[in-house]
Amino acid sequence: MRRVRAARRGVLAFLLGLSVLSPAVAQPLTKVEVVLDWKALPTFAGFFLAKDLGAFERRGLDVTFSEVQGAIVSAETIGDGSKYWIGSSSGTATVIGRSKGLPIKSLAVYYRKTPSAIYSRAEDRIAHPRDLYGKRLGMVPGSITNEEFRALVALNRLQRDKIEQVTVDWDPWALLEKKVDAMIDYEEMTPSELLAEGRRIIAMRLSDFGVRSYSLNLIVNDAAWASPEKRAIAKKVAEAVQEGYSLVNERPGDAAAHFSRLFPRLAPRYVDRAMVSVALQLSPAPVGGQTRQGWEETINLLSSLNLLARPVTADEVAILE
């Protein structure tokens, strides 16, 4: 009997030893594809830093990124929901899309006002909206900046027919080759890149002249949000991205250095300049916060410009918990 008990104790000790020595079986990560509304640039540093610093992985997520051309396309793609159900967009595109029936809602807002700027050659001295009179302004088809320009015109009571609008591509060559006198883009994108190259450029921020609608945000498809499983994933994505943008907000220099290591193709001088612009655009702590008042102001602005297909409310366009 004693031998049987001793044998049992030996087997038990052996099994316990195996459990200690054997590594724990890692839980598989949940794969999530997040769509970004433009290229891998400092604007989206919060997303890429969150991934590289392990913020997604710590939450059990294996996140990959895909790109589309513009916030409107992103809103439409996420609204369709067949390929992507979560990603970045613009507050303006979110409201306009919702008014057209797109089943999307904002989960977080990173830019509390539009970062778009009209940039031009310094010698042309375009520093005020009225300086555009008699000039050629390059406009990119399908860009949300077209609606933001309409807001600038209305808020500053400009005579639009005094500004020649020319269709251009996304790159700045139309300006550099003097085919137009000015173009529009996010301040931390082309304007910062040209300045980093040493070009003499003036950037006139639309937000300095009244255009303060919500901009860069995280949106989710309605059906996905209604799913308990995907809702939990969406919240984890938002938490992780908040970590990434908090680093940009608190230590833009460190964020720039880290981002440059991730994307060595980008000139470090450009990344440094752009990251400072991003940090200035980020909403106050907690980064990513959105308010009913902020959405109502954005909705009212777009409604006054007759840009909405139907009236919408803050509760329709945002998850306000």
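The values are calculated or read from the model by the stated rules, or taken from the named source; none is laboratory data. Bear in mind the structure is a predicted one, so any value in this text is a computation, not a measurement. No Cβ is skipped: glycine too gets one built from the backbone with ideal geometry, and neighbour counts run over all protein chains shown. Calculation scope for accessible area: heavy atoms of the full protein, side chains included, ligands and nucleic acids excluded. Shrake-Rupley method; radii C 1.70, N 1.55, O 1.52, S 1.80 Å.
Within the stretch 222-251, being of a type in the set (S, T, N, Q) and more than 16 Å from the chain's Cα centre (by Cα) holds for one residue alone: SER227. Does the stretch 138-150 include one or more residues that are modelled with pLDDT of 95 or more, open to solvent by 10 Å² or more (accessible area, probe 1.4 Å) and either part of a strand (DSSP E or B) or farther than 20 Å from VAL35 by Cβ (or both)? Scanning the stretch 138-150, I find at least one residue that is modelled with pLDDT of 95 or more, open to solvent by 10 Å² or more (accessible area, probe 1.4 Å) and either part of a strand (DSSP E or B) or farther than 20 Å from VAL35 by Cβ (or both), so the answer is yes. Scanning the stretch 63-105 for residues that are buried (at least 24 other Cβ atoms within 10 Å of the Cβ) and among the small types (Gly, Ala, Ser) yields a total of 10. Looking across the stretch 23-51 at every residue that is open to solvent by 80 Å² or more (accessible area, probe 1.4 Å) and of a type in the set (D, E, K, R), the one that is nearest to ASN217 (Cα to Cα) is identified as LYS39. Considering each of ALA232, ALA240, ALA223 in turn, give the residue that is at pLDDT 95 or above and under 23 Å from ILE72 (Cβ atoms). One residue alone meets the criteria, ALA223. Considering each residue of the stretch 299-320 in turn, at least one proves to be crowded, with 21+ Cβ neighbours inside 10 Å and in a strand (DSSP E or B).
With the condition being touching a residue at least 60 places away in the same chain (Cβ under 8 Å) and open to solvent by 20 Å² or more (accessible area, probe 1.4 Å), I'd like the strands (runs of 3 or more DSSP E) fully within the stretch 175-284 carrying at least 3 qualifying residues.
Here the list reads 201-205.
Within the stretch 151-174, being surrounded by 15 or more Cβ atoms within 10 Å (Cβ to Cβ), within 29 Å of the chain's Cα centre (by Cα) and more than 17 Å from TYR119 (Cβ to Cβ) holds for ALA151, VAL153, ALA154, LEU155, ASN156. Taking first residues from the stretch 27-44 that are among the polar types (S, T, N, Q) and partners that are surrounded by fewer than 23 Cβ atoms within 10 Å (Cβ to Cβ) and modelled with pLDDT of 95 or more, the Cβ contacts under 7 Å between residues at least 6 apart in sequence or on separate chains come to GLN27/GLY60; THR30/GLY60; THR30/LEU61; THR30/ASP62; THR30/ILE233.
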